[in-house]
There are 4 protein chains.
Amino acid sequence: MKKIKVGIAGLGRLGKVHANNIAYKIPNAELTAACSIVPAELEYAKEKLGVTDVYTDFREMLEKADIDAVAIVTTSSEHCWQIEAALDAGKHVFSDKPLGVDVAQCKQAEKAVERHPDLTFMLGFMRRYDKSYAYAKKKIEEGAIGTPYMVKATGIDPEAHVEGAIKFAATSGGIFLDMAIHDIDLMRWFLGCEATEVYAQGCTFKHPEFQQVGDDETAMACYKFENGAMGFVHVGRTAPHGYHVETEIIGTEGSIRISAIPEKNQAMIFDVHGAVTECVGSFPERFDEAYLLEMQEFIDCVCEGKQPGVNVYDGTKSTAIGYATTEAWKTGKIVKIG
Amino acid sequence: MKKIKVGIAGLGRLGKVHANNIAYKIPNAELTAACSIVPAELEYAKEKLGVTDVYTDFREMLEKADIDAVAIVTTSSEHCWQIEAALDAGKHVFSDKPLGVDVAQCKQAEKAVERHPDLTFMLGFMRRYDKSYAYAKKKIEEGAIGTPYMVKATGIDPEAHVEGAIKFAATSGGIFLDMAIHDIDLMRWFLGCEATEVYAQGCTFKHPEFQQVGDDETAMACYKFENGAMGFVHVGRTAPHGYHVETEIIGTEGSIRISAIPEKNQAMIFDVHGAVTECVGSFPERFDEAYLLEMQEFIDCVCEGKQPGVNVYDGTKSTAIGYATTEAWKTGKIVKIG
Amino acid sequence: MKKIKVGIAGLGRLGKVHANNIAYKIPNAELTAACSIVPAELEYAKEKLGVTDVYTDFREMLEKADIDAVAIVTTSSEHCWQIEAALDAGKHVFSDKPLGVDVAQCKQAEKAVERHPDLTFMLGFMRRYDKSYAYAKKKIEEGAIGTPYMVKATGIDPEAHVEGAIKFAATSGGIFLDMAIHDIDLMRWFLGCEATEVYAQGCTFKHPEFQQVGDDETAMACYKFENGAMGFVHVGRTAPHGYHVETEIIGTEGSIRISAIPEKNQAMIFDVHGAVTECVGSFPERFDEAYLLEMQEFIDCVCEGKQPGVNVYDGTKSTAIGYATTEAWKTGKIVKIG
Amino acid sequence: MKKIKVGIAGLGRLGKVHANNIAYKIPNAELTAACSIVPAELEYAKEKLGVTDVYTDFREMLEKADIDAVAIVTTSSEHCWQIEAALDAGKHVFSDKPLGVDVAQCKQAEKAVERHPDLTFMLGFMRRYDKSYAYAKKKIEEGAIGTPYMVKATGIDPEAHVEGAIKFAATSGGIFLDMAIHDIDLMRWFLGCEATEVYAQGCTFKHPEFQQVGDDETAMACYKFENGAMGFVHVGRTAPHGYHVETEIIGTEGSIRISAIPEKNQAMIFDVHGAVTECVGSFPERFDEAYLLEMQEFIDCVCEGKQPGVNVYDGTKSTAIGYATTEAWKTGKIVKIG
């Protein structure tokens, strides 16, 4: 079996998830190089991942490392130039979401991808690979709900992690760019259509720190799609019960709802509170398996020379919609997209 | 519209439920007399139910009151002679469960019913009239689960009411006679067959008071039916979450489960505990509507001269099975059911 | 016990529900008169409700019938003048929703109510009296979810009844006035605050007949409230599984979701399709008990001389919001309310 | 990182699951040898697992292969002698359940394990490693349900696979030995106590082929435990909805129920049937992750020189209870255990 040699860039929280999957859980991949500007992360690579070929400079890794592909899990603002550099160096590229921090960057990445049609590029919208989301997509393709015409998506981070969100609020780009990109991608994916218009609003009732830096704690947006379909996104940061990601797709013959109860597992406790289902606490817990499955998909695409389901244009479009949503939220006006 | 005139005997907790249903919620019935040995209950009849024709003696009510029917909600040991007396006085009879406290009594009641084929007699196995149970029965009759061959029934009283159970443990006849009669009736009803053999055991882990008087806190029994079908009953008294009555009927083509979560209503709370469903707290809360529907059925049967779904033999048989179960539990042996 | 004498106006589908409740299920009420322009409905009153004092003219009933109160369940466009006439005739008034078909009418009704502070007026927002909704309100008042700041409400009529909706689409006033009034009322009630702005859109994917008359099959609206809180309403007409009314209230410390699965009862069937919960088929089935409880509340208020929880201003405000929502939907613009 | 070298014996359905986990998903393990009497399975090892060191003789693998440990996933009747041989050859041993096909064999295996206290031995009761079961155990240890005193376990194979069950019915040892071993182990584990008595019965309503060879389609058993606790096991083979494994543990302060709905994933479909949850179709699908986690535990135990949670005595005891249950079922009598 041919093994794809991968170099990872970025070994933060999510970088470690990807690195462990590549190193230990994907039969046809091996992790052969790592790059980070954080010394402790390179120590981690050596000790926990058995990777001795480590770099502090991304371009140096591209030049010197024995790799077929790179997995980019760096800060969002670095994604686009790293994608471009890696592709130009002849490497297949997996990049975590978002594609870039603005549309201009994304367009640069698009060009790089177009320059190298022989190389695999995949963007990390891992929710598409989650067992429940993939099942929903398959059911829709089989016609189980007729023509899908509405998506309602909810993503609420746990109150338990709100301190981190407050800390980064001033620089996150606002709640929609920070939190809604996955939901935006899912709407486009399930509806098979592009958004043309957005209305949005937000509010802050629990942690005034968000509003102090121009952000909001909770927000919602409505989308109109080219074919008349509708989208609704609700994002928040203060779920007391855990990490709440829920999506509903409504079609002419039925609807599919994913994770109405974001259950931690299949146990239910009956006690003085009633019938209680404990909920998942974080995105790595909820999408644990999806992170593995998306990386497996990337590696399989590299092996088989095919393009993955999530492409560079998905990245540009979700970013563009994220910006339009942010403008709608900030101005209080309806904003045309694209 | 003809209205059936009803006299009620017994105005305790459940008697009040029946009396209010007859007085106010059943179009073709009116409550015209009441009998109780408790003065406060007769006061209640006058003030809350508008019944001025009250008695302390059951036979006197039969003789003097302007009634077509009686509803017997007295102490279990009084049921059988009151049924007999009422039927012999030409009254239609509704009696709350159990039919009697031993099989000999039940046989007496059977004879009385047989003497008066023109009169309506109904036994208060109200669960059969609960919306969910009636739905299950209808689905089974429609063939939704093929041939039913197994029933698993659970009935656990709330820990919140355990003090009352402890108080009556010495005289209740034991946990099976006290608590399993409804489950026994449901097994027979759903399987459409009679039990021939029973094995039982019990235990006490929380309130030793039960074992001190020869009772148990929790118990289970297995039944074999004539056609080979199987029954399982689990009864208990210490559910922390409320009143837990759950029943599953398994057939060759599917199964139906009723009240796996004994929800109080359709609201779910998401809070620091997770996703929480509050549960019903007592049998009057759980079977509120069933008590009304069974009484409506009784009155309709009287009006239309037909016999209700629950007959006197259902009472004798469930009592006989209750005694056999008690013997199995007490002796630790498998007991044949007559 | 004093019994309130009630005359009913209108004996259509919902009128019959109210009439039967008044006649047979509310101890302190009696139905003594009925008014309808449909002969068959007056026949029904005589035969099924035992009401012999019947009228074809509303004003005549007010003048001649022996009634303390009227229950108005006529066509929406008749509500306001009937409310005014009844109050001016010294009768307590229950009116089904909506208060009126435009805001001017509602203001007239407000004046009539204000002229008669001694009389009880109640508007039929029965959802507030549903066991689950009332429980949610109580929990919120007890602080279970902190400060509520967002309501997401969904109301989808069953595809099984869509023919009726198509038939009335041209004259219904549009999907929001036709379907969203209850959801609008619930938002105001749960948030304890008034809406100031609305955005809306709609679409039609299954039955083009709706768009042919300027209506839509499905629609959604976003509301901004005075205190910054947010509301979202989604209404539709083509739920294949039944009548889907679902509401979520989100607060700073938790959230409450009502009827995520609009279960018909507490039975679950396991068969070749999986684990299946059958759903309620219509609003009378879903809100059966709520219709009784709201009427009981009205009668109790009359008896005790107190004002009910739903007042005339709730009617005007929900109508005003319904109109603003319709304008937003028709124009594609954000509309200020009030 | 030290990698444990493992040789696998048996590459059938479950053998392949284990082999892939060892080869690709456990960082500190590598699959270096394989043994099978089926040529196609050795082909599989070479092509899919990259294992070139293959054997048709188990003892030869022990002698020649470069392995630290063996994973035994052969036919049940081979387990015990292979365990003994491997331990005596100085290899750590993981054996799939059951330990042996009779108690005498199990005792042999016990002796072998006792001879080699320095070697790790683990039995594959993988349910203990399932996320939900492990969570339940942890909650119980934390006191969430007080003292556990009753376990109700259900395991029903899918009707979709019944043909296989019919084919092996004559040689499977009967439904309890074939299907109840996991449930028996779970009862012991959750109650922390040994069973002393068993009552059992079975029935066959759909596929008479089972009874023709002395087996049953469905069966149930009741257990009494040393401390008075109670166990109930229900096994069957004809679930139309999929693979239904459900377990409830009841304690003095609460209860935990695992998989009341054996959901395939977190998607719910609303269609003409109602609200539908598709169910898992097989044990490999349901316990996919548990198989990985148990093998990871085995490898970690080998690395760290510690003994795993499931030991050889768990194997003997569950087998002994399985035999006693079978005797109770066959004879219709209560059987003492141990």
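The values are calculated or read from the model by the stated rules, or taken from the named source; none is laboratory data. Note that the coordinates shown come from a computational prediction; the quantities given were computed from them, not determined experimentally. Heads up, the Cβs are rebuilt from the backbone with ideal geometry, glycines too, and the neighbour counts pull from every protein chain shown. The protein model used for the area step is the full one, side chains on, heavy atoms only, and it has no ligands, DNA or RNA in it. Shrake-Rupley method; radii C 1.70, N 1.55, O 1.52, S 1.80 Å.
A convex hull fitted to the Cα coordinates of the stretch D:69-118 yields 58 cubic angstrom per residue. Of the residues in the stretch D:263-297, those shielded by at least 50 Å² of accessible area once partner protein chains are present, compared with the chain alone at a 1.4 Å probe, are D:GLU263, D:ASN265, D:GLN266, D:ALA267, D:MET268, D:ILE269, D:PHE270, D:HIS273, D:ALA275, D:GLU278. Among beta bridges identified by DSSP and lying wholly in the protein assembly as shown, the antiparallel ones come to about 60 percent.
Taking beta carbons within 10 Å but only from partner chains, what does the mean come to for residues A:26-37?
1
Between the helical axis of B:79-88 and the longest alpha-carbon principal axis of chain B there is an angle of about 40 degrees. For chain B, a Gaussian network of Cα nodes joined below 10 Å ranks B:VAL54, B:VAL312, B:VAL162 by mean-square fluctuation, and the top entry is B:VAL162. Normalised by the number of residues in chain C, the mean separation of alpha-carbon contacts (under 8 Å, six or more apart) gives a relative contact order of 20 percent.
Counting protein heavy atoms only and a 1.4 angstrom probe, how many square angstrom of accessible surface do chains B and D bury in total, to the nearest 100?
Looking at B and D, the buried total is near 3200 Å².
If you plug the beta carbon distance of D:VAL272 and B:THR52 into 1/(1 + (r/R0)^6) with R0 = 45 Å, you get a FRET efficiency near 0.25. A DSSP coil position with no more than 15 other Cβ atoms inside 10 Å describes the following GluC sites (Glu not before Pro) in the stretch D:92-182: D:GLU142.
Each other copy holds its own label point for A:GLN211; taking that point as 7 Å from Cα along Cα to Cβ, the gaps run 4.0, 6.1, 7.3 nm, nearest first. Couplings for the stretch A:104-112, taken from phi via the Karplus curve 6.51 cos²θ - 1.76 cosθ + 1.60 with θ = phi - 60°, read 4, 4, 4, 4, 4, 5, 4, 4, 4 Hz in order; Gly and Pro are left as x. Heavy atoms of the protein chains alone define the surface here; on that basis the stretch C:4-119 has 40 Å² accessible area per residue at 1.4 Å probe size. Looking at chain C, the DSSP beta bridges with both ends there are about 55 percent antiparallel.
Accessible surface of the protein assembly as shown, 1.4 Å probe: 51 percent of it comes from carbon and sulfur atoms. Length, then width, then depth: along the principal axes, the Cα atoms of the stretch B:260-338 run 54, 48, 15 Å. Expressed in units of 2.2 N^0.38 Å, where N is the residue count, the Cα radius of gyration of the stretch A:131-256 is 1.13.
Taking every alpha-carbon pair within chain D, the share separated by more than 30 Å comes to 37 percent. You can think of it this way: the chain between C:ASN20 and C:ALA89 has 22.4 nm of extra reach, that is 0.36 nm per residue less the Cα-Cα gap.
Quick one: ranking C:ILE334, A:ILE22 by accessible area, 1.4 Å probe, largest first, what do you get?
Numbers: C:ILE334 50, A:ILE22 0 Å².
Listed by decreasing accessible area, they come as C:ILE334, A:ILE22.
So what is the accessible area of the stretch A:195-234 per residue, in Å², with the probe set to 1.4 Å?
Roughly 27 Å² per residue, with all protein chains present.
Based on alpha carbons, the Rg and Dmax found for the stretch D:4-119 are 13.2, 39 Å.
Among B:ILE261, B:ILE249, B:ILE83, the largest mean-square fluctuation in a Gaussian network model of chain B (Cα springs under 10 Å) belongs to B:ILE261.
Estimated at the nearest 10 Å², the accessible area of D:LYS138 is 120 Å² with a 1.4 Å probe.
The residues B:GLU30, B:GLU226, sorted by heavy-atom accessible surface at 1.4 Å with ligands and nucleic acids left out, run B:GLU226, B:GLU30 from largest to smallest. Relative to the dominant Cα principal axis of chain D, helix D:312-331 is inclined by about 40°. Peptide B:232-245 has a mean of 4 when you count, residue by residue, the C-beta atoms of other protein chains within 10 Å of its C-beta.
Inter-copy label distances for D:ASP57: 6.0, 10.1, 11.3 nm (label point placed 7 Å from Cα along Cα→Cβ; shortest first).
For the protein assembly as shown, taking Cα atoms only, Rg and Dmax work out to 34.5, 108 Å respectively. Relative to the other identical copies, D:LYS306 shows label-point distances of 4.3, 6.2, 6.8 nm, where the label point lies 7 Å from Cα along the Cβ direction and values run shortest first. Phi angles across the stretch A:156-169 convert, under the Karplus curve 6.51 cos²θ - 1.76 cosθ + 1.60 with θ = phi - 60°, into 3J(HN,Hα) values of 10, 6, x, 3, 4, 10, 5, 4, x, 5, 5, 4, 9, 4 Hz, Gly and Pro given as x. The angle separating the long axis of helix D:288-304 from the principal Cα axis of greatest extent in chain D is about 50 degrees.
Give the relative contact order (percent, whole number) for the stretch B:4-119; include only Cα pairs under 8 Å separated by 6+ residues.
24
Chain D holds its axis-closest Cβ, relative to the rotation onto A, at the residue and whole-Å distance D:LYS25, 2. Shown in residue order for the stretch C:117-131 are the 3J(HN,Hα) couplings computed by the Karplus curve 6.51 cos²θ - 1.76 cosθ + 1.60 at θ = phi - 60°: x, 7, 9, 7, 10, 9, 9, x, 7, 5, 4, 4, 9, 4, 3 Hz (x for Gly and Pro).
Largest GNM mean-square fluctuation among D:ARG237, D:ARG286, D:ARG13, using chain D with Cα springs under 10 Å: D:ARG13.
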